[in-house]
1. Return a whole-number percent for the relative contact order of segment 109-268, with Cα pairs under 8 Å and 6 or more residues apart as the contact set.
2. When the chain is fully extended, how far beyond the present Cα-Cα distance does V150 get from R451, taking 0.36 nm per residue of separation?
3. How big is the dipole moment of segment 2-448 about its Cα centre under a simple scheme where the beta carbon of each Lys and Arg is +1, that of each Asp and Glu is -1, and everything else is neutral? Debye, nearest 20, please.
4. Normalised by the residues of segment 2-448, what does the relative contact order come to in percent, with Cα pairs under 8 Å and at least six apart?
5. For a Förster distance of 45 Å, can you work out the FRET efficiency between the beta-carbons of F161 and A190, rounded to the nearest 0.05?
6. Grab the DSSP H runs of the chain that are 4 residues or longer, score each as -39,500 (n - 2.57), total them, divide by all residues and round the 222 nm result to the nearest 500 deg cm²/dmol.
7. For Y20, what residues show an amide H to amide H distance below 5 Å, using hydrogens built from the backbone and excluding near sequence neighbours?
8. At E334 and M61, where each label point lies 7 Å from the Cα along Cα→Cβ, what is the point-to-point distance in nanometres?
Amino acid sequence: MEKQKRQLFLGSLITLGIVYGDIGTSPLYVMKALLADLGSPKYLTREYLIGCLSLVFWTLMLMTTIKYVLIALKADNHGEGGIFALYALVRHQKKWLIVPALIGGAALLADGTLTPAVTVTSAIEGLKGVAFGQNVPIASQNSVIIVTFVILLVLFVIQRFGTSLIGKGFGPVMFIWFSFLAIVGLINLASDPGMLVALSPHYGLKLLFSPENKVGIFILGSVFLATTGAEALYSDMGHVGKRNIYLTWPFVCTALILNYFGQGAYLSTHLAQIKAQTNFENPFYAVLNPDWYLFGVVLATLAAIIASQALITGSFTLVQEAVGLKLLPRMKVEHPSLSRGQIYISAVNWLLCLTTTIVLFYFKTSEHMEAAYGLAITLTMLMTTLLLFEYLRSKEKPIRAVLVLSCFSVIELIFLAASLSKFMHGGYVTVFITLLILGLMFIWFFGNRLRERYADRSEMINL
């Protein structure tokens with residue numbers, strides 16, 4: 001019994017380190033993006049904050065908790081999850097299902113090039129202008145970019161040596177991170193517990209059509225950033241097991257919600273001070289007690305690095321699955337440690353490094369990167385919904401399948417439309433990367449089909 005408890009605890013700790021890096025770092029930029037939608041601090045109101053918190057809360061509930069944790073995790077292919085594993089379950093039903101699998105896979109790989117850049121940049125920006133004695137090491141945005149580039153470069157370089165030793169520290173760090181998010185959020189929420197009215201969906205729906213909302217329904221493009229890690233949660237099921245995700249998600253979800261609400265409460269109680277400013281500061285860092293500030297930035301940076309590491313290794317796994325389904329050409333797969341579960345694909349690693357570096361130097365600020373971020377993963381989620389519909393229908397659950405399709409496809413189409421509104425502000429980069437990967441997959445898959453048909457015909461003629 002004691003051994004089982006120990007295994008359960010270790011399994012949960014590992015899950016925190018592997019699965020939740022992406023969604024766990026969303027408090028660094030979600031509220032900042034929602035404030036940016038206002039255009040100026042003078043327009044900020046308590047009603048706007050409550051509406052934003054309501055939209056974020058219900059997005060987490062509907063998209064992450066209900067769709068992925070309660071529904072998608074049940075669609076596993078011998079314990080493996082993710083869009084390619086889901087496609088493998090339904091590919092013999094209808095030939096056209098290859099299309100959503102290709103689009104979703106390409107978009108998910110494109111997202112892997114954006115996440116490291118946006119998360120690490122958001123974390124390092126917290127150090128900009130902070131004095132250490134008489135010196136200010138990171139005095140400008142150019143310094144932020146250089147430090148971010150060095151961190152990411154080191155991260156990509158160490159992949160070939162294996163990350164098992166570093167990986168052992170991921171779980172404890174992420175446990176501290178989520179505990180920190182919850183504590184900071186709870187302390188700030190205590191100053192204005194009335195913000196909890198945002199738990200009602202009424203306030204979120206009201207904000208969508210309120211004149212206080214300067215961008216209308218397109219605000220959902222920023223709201224969606226709160227759930228971008230949900231697809232990774234499903235994809236990583238094979239690494240940690242669904243039971244560990246079921247056990248850890250309530251803790252993670254609670255920590256995220258408390259932090260969002262704590263940021264909202266802080267902004268609400270400092271409205272007059274904020275309205276007098278010319279620009280918004282990142283509310284994640286604004287809520288930190290000065291005594292905790294440096295610790296918070298260091299912890300945020302570690303969490304961002306872990307999120308980046310998870311996306312890199314997740315990309316290796318995704319490419320390996322795509323090769324197995326003949327969606328991509330064969331690549332050399334290495335096992336840098338004694339664990340056969342840990343893989344390294346050199347070509348993928350350096351392509352990710354190059355693309356992430358280009359994204360970093362092209363956008364230069366996390367605010368600009370956020371415009372490109374989210375669009376790719378919205379496409380993946382929509383394609384996953386289509387495949388889930390076919391999976392549930394094949395399990396003789398037609399009513400449930402129709403409900404899943406009608407509910408989530410409508411929500412995701414609205415999110416997609418909202419994300420497309422940022423196309424000219426950076427979303428075009430996401431679309432370009434997705435189309436490049438999609439083109440490669442399309443040519444390789446259908447080229448293989450033609451080659452196989454030609455080989456079969458030649459064989460028949462020879463007979």
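1. 29 percent
2. Here the segment from V150 to R451 would lengthen by 103.9 nm.
3. Details: 29 positive and 21 negative charges, 193 e Å.
Here segment 2-448 has a charge dipole of around 920 debye.
4. Numbers: 675 pairs, mean separation 151.2, N = 447.
Once divided by the residue count of segment 2-448, the mean separation gives 34 percent.
5. For F161 and A190, the calculated efficiency is 0.50.
6. Details: 21 runs with 316 residues, N = 463.
Value at 222 nm, helices only: -22500 deg cm²/dmol.
7. none
8. The two pseudo-label positions are separated by 4.8 nm.
The numbers here are math on the coordinates, done by the rules we state, and not lab data. These numbers come from a predicted model, not from an experiment. Reconstructed Cβ throughout: ideal geometry from the backbone, glycine too, with neighbour counts over all protein chains shown.
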